[in-house]
1. Any of Lys84/Lys115; Lys95/Lys115; Lys16/Lys84 with alpha carbons more than 30 Å apart? Name them for me.
2. Residue by residue through the range 71-83, which ³J(HN,Hα) values in whole Hz follow from phi under the Karplus form 6.51 cos²θ - 1.76 cosθ + 1.60 (θ = phi - 60°), with glycine and proline marked x?
Amino acid sequence: MSEFVTLRRIGQIRFKALADNHFLRGYNFEDTYAEMSITYADICPEKNTLPRIYGLAGKILPYIMDDRSISLTRLQNLHGYFRKAIKFAIENDLKMHQLSQRWILHQLSEHNLYKRIEACGELAHFLGAHKKLDISEL
């Protein structure tokens, strides 16, 4: 029976997903709690549960949004948490990774996705036009 998820666990997963969604859209935990209490009424988690869901990620997100090239050491000095804990929160809770000294979202925006698709199409056309027909020339 351990392969099945209990109903209590499903509720926790649903509330965490809703809180994560609101958090990534920029809502604070009071607004999220107000909406959850209206939507879920009697089964809504307590108000002090939401800050635990947000945890460290909620504290460091404003700093990252203000300065995308902020370092882990600077965040460590601001909050007093270990660098590994901060990096874990950024990568797993905020779904960001560091690329060339800047924190960016893992997911592409629609504009960036279309630009990549267009570039791949142009590259495929270019490679198709310049492929070598004779293997002995390789």
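Where a number appears in this text, it was derived from the coordinates with a stated rule and is not lab data. Here the structure is a predicted model, which means the values were calculated and not measured.
1. Lys84/Lys115
2. Karplus-based 3J(HN,Hα) across the range 71-83 equals 8, 5, 5, 5, 5, 5, 5, 6, 10, x, 8, 5, 4 Hz.
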